Structure formats: structure tokens, C-alpha cells
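K.L.:
Got a structure here, written out as C-alpha cells. Questions coming.
Values in this text are rule-based calculations from the coordinates and carry no lab data. Since we're looking at a predicted model, the values are computed, not measured. Virtual Cβ from ideal backbone geometry, glycine too; neighbours counted across all protein chains shown.
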Amino acid sequence: MQSKQTILTTISAAAILMLGAIQNSAMAYPQQKQEYSGNDQNKMMMMQPGLYAFGTISSLQNDENGNPTWIVSGLWEGRLLMDNKTQGEVANQTTSTATATNATAATDSLPNAAFNSKFNMVMTNGSAKHDHEIYNFKLLNMSNPNNTTSVFNGTATITMKDGPVDDISISVKRIDNNVISIWTDPTKINNHFGNTPIFGTIEKLIKVEK
């Protein structure tokens, strides 16, 4: 299980799966890339080509009755790389013979993606504070429903009171290059995050080229 320190120390390689941001040249941040110091440029040269980003979690979640009850805050980070060999191998191993060709082709077209988050929840009355982590993200499909939104669907592990829960369906959405939303399948975690996504902000995007 990743610690908060791990997330903070990897923040220079942080990313949220932003294929749409790559397509929008404004989000490549060429101005900021020119302002990096020599050390920062060396770090970028050591990173694989792709998109890296990080940000914060800041959200208000409902209880089982739909009433705003929980304050959620924390960090997220992720990356979107162009090496998809590993995901292609996984698809070949888990896809049935009847659908192997189509499923493998779809998976092979996906980038190598990662998403991690650690955040705490506390009730609006100040009680019941606790932590959660999201990790082991596996990208299954992605889409761009419009010019300002990208959606990344997959599965992930989420830590809960009784231990980590694996293979939870998760959808991470990028909205106008400033906001992310994280939706998790409520049926596997007893509707713990209420009936709305967890929201956060995109603080930094870094595009690393060959």
C-alpha cells in the first residue's frame, strides 16, 4: 500500500490519464517547460515519453440518504505513457478465444496508464476521520465525448475499513483541463462515497517528448 510520502515523492512523475490534453497543444505547457531549471530538465529526460500530471482532491460526498455529509481531501497523481506492451499481454491472457482478436486489438491501442490517490474523509461535524487509497489502476477503455472532456475507464484497488478491495470499476474524467472526477462502483464498497463522484483539481500537466 502506498504511503502519502510515496505519492509526494513521485509527484514530479504524476499524471492523470489525459489523452485529450495531449491533443490540446495549450496543455503541453511549452512556456513552463522553458522555465525549468537544469535539474528539472534532467529529471524530465529520465522520464519516459508521455503525459504526467498531479493535483488535489477536494470534494463533498453524500451519505446513504443523499445528504452532504463527508468532506474529502487529498492528492492524486498519474501518468499516460505510450508503451502498451504489458497491457497487450494481459489482454491476451485474459480474453477468451472467441473474442481474442477484437479485444486484443482494442487493448493494444491503449497507452500504459497509472492512477494513484490518497485522501482522507471526515464528517462535516468533525468526526469519523479516516483515509483511503486508490492504486493498481488498469485502463480498459477511454473516450473523448467532447473537446473538453476525456474519460478513462478501468479497475483499481481501494483501501477500505476491512482491507483493500480489488477490481473495483472506476472512471476518471478530465473536465476542461482543470477538474477531474473519480467515480467508483458503489456496489463493491457499500456506497461508501455516496451517489456523486469524488472531485479534484488538476494542478500541473507535464508533457515529455522523445
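K.L.:
If the chain between N147 and D162 were fully stretched, how many nm would it gain, using 0.36 nm times the residue separation less the Cα-Cα distance? List each step's numbers first, then the result.
P.N.:
Details: separation 15, 0.36 × 15 = 5.40 nm, distance 4.05 nm.
So the chain would gain 1.3 nm between N147 and D162.
K.L.:
Okay, next question. Quick one: which of 199-205, 124-130, 109-115 comes out on top by average Cβ neighbours within 10 Å, and what's the full order, highest first? Each step should come with its number before you reach the end.
P.N.:
Numbers: 199-205: 18.3, 124-130: 9.4, 109-115: 20.4.
Result, highest mean Cβ count within 10 Å first: 109-115, 199-205, 124-130.
K.L.:
While we're looking at this one, here's another question. Among the listed pairs K129/K207; K129/K188; K118/K138, which are separated by more than 28 Å between their Cα atoms?
P.N.:
Numbers: K129/K207 36 Å; K129/K188 21 Å; K118/K138 17 Å.
With Cα atoms farther than 28 Å apart: K129/K207.
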